[in-house]
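Here is the structure we will look at, set down as C-alpha cells.
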Amino acid sequence: MNLRDKAKKLGIDFDEDITDDELKKLVEAKEREIEDEQKKKLEDVEYLKKELKEAIEKRDAAKGDKRKLQAKVDELEAALKDSPTKDDFISLKKELEDLRKFKLQIDEEAEKQRLEKMSTEERDKVKKDKEKAEFDAKMQQLQEIIDNEKAEKEKIKQEAEIKVRSLRQVTLENEILKSAKKYNALRPDQIVKLVKDEFEFDDGEEKFVKNIKENGKLKDIISVDDFIKDFLGKEENDNLVEAKVAKSMNLDKTKSGNSDGDGGSKKYDPKDPAIIRKAMYENYTPEEYIKNVLEVKDTILAKKREKQTQTT
C-alpha cells in the first residue's frame, strides 16, 4: 500500500500537492494517535465493564445452570469495582475469557436440552439442517480456494506470456541486428527500428517470419535474414548500406550542386527545424543528417537523372 492510500485509509484529509515528507509525518502522527487510543482502551476499566455487560446480556439468554453463571458474573463485577493493578487486569482478562468459554458450554447444553424435548423427526430435521449448513459452508470455502488458485494460475500465466513476448522481441531484434551487420547496413540499430514491426511469430516454426499476402491470402513466407537482404538490396535503400554510401560519397560533389568548396551544404541549412527533427529521430546531428542522408539521396537522384538523360 502506498503512502497516499494509507493516509486515506486512516481518514487523513490532505491536498493533492502535499509532499511525501509532509504526508509521512501526518501518517506517523495518526498511527501514534491510534496506537495510544488502543493502549488506553486496553487499560480502561470501563472498556472491560462494557465487555462484561455484553457477557451478561448473553448470559440472560442461556438456559443452563444460571446460578453458576451468575456467581461468576457477580465475582467479576465485584472485582471490577476496584481499580485493578496491572496483574489484576491480566487476571480479569483471563477470567473474562474463561467466562466466554463457559457461556459457550451453557449454550451447547441448552441446545442439547432443546433437542431432547423434540420428537425424533424434529431432531432429525435439525440435525440434517445443521449438516447441510456445515456442508454448504465447507463447499463455499472449497470454492473460494479453487477460485483463488485459478486466479493465481491465470496471473502466473499472464506474467509468463508477457515474459515470453518480451524475450521473443529481444530475439527478433538481435536477429535483425545480426542480418543488418551481415549485409553491411550503415547503422544496424536503425534497421531494427525500421523493420521490426514487419514480422510475426510463427508458432509452428517457432520463429519470426515475414508473411507475404495477396488478396488476403498467404502467398509466401520469408525469413528474417532473407527479408533484410532484400530490403538492403533495394536501390531506394542505398543510403542505408555502408559500402554504397561510401561509394556515393566519393563521387564528384560538384555534379549534385549541393555543396560548396569547403564541403559544406548550400542547399540545406542545419538550423532548419524540419532537418533538426528528422536528425534527432535518426540519431544524427543536423550536419551528419545532411551529409549522410540528404546529400547522399541527392547524389543517387542525380545519377538516376543522368541515366534517364543518356537513355533518351
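Quick note: the coordinates plus some simple rules give every number you see, no bench work behind them. Not measured: the values here are computed from a predicted model. Cβ: placed from backbone, ideal geometry, glycine included. Neighbour counts: every protein chain shown.
Per-residue counts of other Cβ atoms within 10 Å, averaged by peptide: what ranking do you get for 176-182, 142-148, highest first?
Numbers: 176-182: 18.7, 142-148: 10.0.
Per-residue mean Cβ counts within 10 Å order the peptides as 176-182, 142-148.
Can you tell me how the stretch 98-137 classifies by the Cα gyration tensor, rounded, prolate or oblate, using a/c under 1.5 as the rounded cut? Note, shape of the stretch 98-137 comes out oblate.
What's the ranking of 168-175, 132-139 by average number of surrounding C-beta atoms within 10 Å, highest first?
Numbers: 168-175: 14.6, 132-139: 10.0.
The peptides rank, most packed first, as 168-175, 132-139.
Quick one: of Lys103/Lys130; Lys49/Lys72; Lys234/Lys291; Lys157/Lys229, which pairs are farther than 25 Å apart, Cα to Cα? Show your work: numbers first, answer last.
Details: Lys103/Lys130 21 Å; Lys49/Lys72 14 Å; Lys234/Lys291 21 Å; Lys157/Lys229 37 Å.
Check vs 25 Å cut-off fails for Lys157/Lys229.
The distance separating the Cα centre of the stretch 264-297 from that of the stretch 170-225 comes to 28 Å. Pairs spanning more than 24 Å between alpha-carbon atoms, out of Lys153/Lys196; Lys40/Lys101; Lys127/Lys150; Lys181/Lys207: Lys153/Lys196; Lys40/Lys101; Lys127/Lys150. What is the stretch 96-177 by shape, rounded, prolate or oblate, if you read a ≥ b ≥ c off the alpha carbon gyration tensor as root eigenvalues and call it rounded for a/c under 1.5, prolate for a/b larger than b/c, and oblate otherwise? Note, shape of the stretch 96-177 comes out oblate.
Which order do the peptides 96-104, 293-301, 150-158 take when ranked by the mean count of other beta-carbon atoms within 10 Å per residue, highest first?
On the way: 96-104: 14.3, 293-301: 19.2, 150-158: 10.0.
Per-residue mean Cβ counts within 10 Å order the peptides as 293-301, 96-104, 150-158.
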